[in-house]
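Structure record follows, encoded as structure tokens.
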Amino acid sequence: MDTPPIFLNTTFVYISELKRQIVEELLSGMSTPAQLTRRYEISSGLLYHWKEQYAKGRFDNEPSKEAALE
């Protein structure tokens, strides 16, 4: 990816743009959840949390129809 995570005190802080790219790669089927968690060194729980946030439009994207009804 073009935008690397920001490193703060041994913790990675991922910016919204990168989170969106990772989730979109998951949703497109280009990569499996296991591939993404290994590649970006994130937990599966975090990946699915980002997926939920993406559905709600939290990464400068349009919310999904399901999330808009909540």
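Ordering Leu46, Leu18 by how much accessible area each has at a 1.4 Å probe, largest first, what is the list? Mind dumping the intermediate values first?
On the way: Leu46 60, Leu18 0 Å².
My answer, sorted largest first, is Leu46, Leu18.
Below 18 Å, Cα to Cα, which lysines can Lys19 reach? Residues fewer than 8 away in the same chain don't count.
List returned: Lys51, Lys56.
Just to make sure I understand: if all protein chains stay in place, what is the order of Arg58, Arg20 by accessible area at 1.4 Å, largest first?
Result of the area sort, largest leading: Arg58, Arg20.
Order 34-40, 22-28 from most to least packed using the mean count of other Cβ atoms within 10 Å. Present the calculation step by step, with values, prior to reporting the outcome.
On the way: 34-40: 14.1, 22-28: 16.4.
With the highest mean Cβ count within 10 Å placed first, the list reads 22-28, 34-40.
Ranked from the most accessible area to the least, with a 1.4 Å probe and all protein chains present, what is the order of Lys65, Lys51, Lys19?
Order by accessible area, largest first: Lys65, Lys51, Lys19.
The values are calculated or read from the model by the stated rules, or taken from the named source; none is laboratory data. On a predicted model such as this, the values are computed, not experimentally measured, just so you know. In this analysis, Cβ positions are derived from the backbone assuming ideal geometry, glycine residues included, and neighbour counts consider all displayed protein chains. Please note that ligands, DNA and RNA were not included when accessible areas were found on the heavy atoms of the full protein model with its side chains. Shrake-Rupley method; radii C 1.70, N 1.55, O 1.52, S 1.80 Å.
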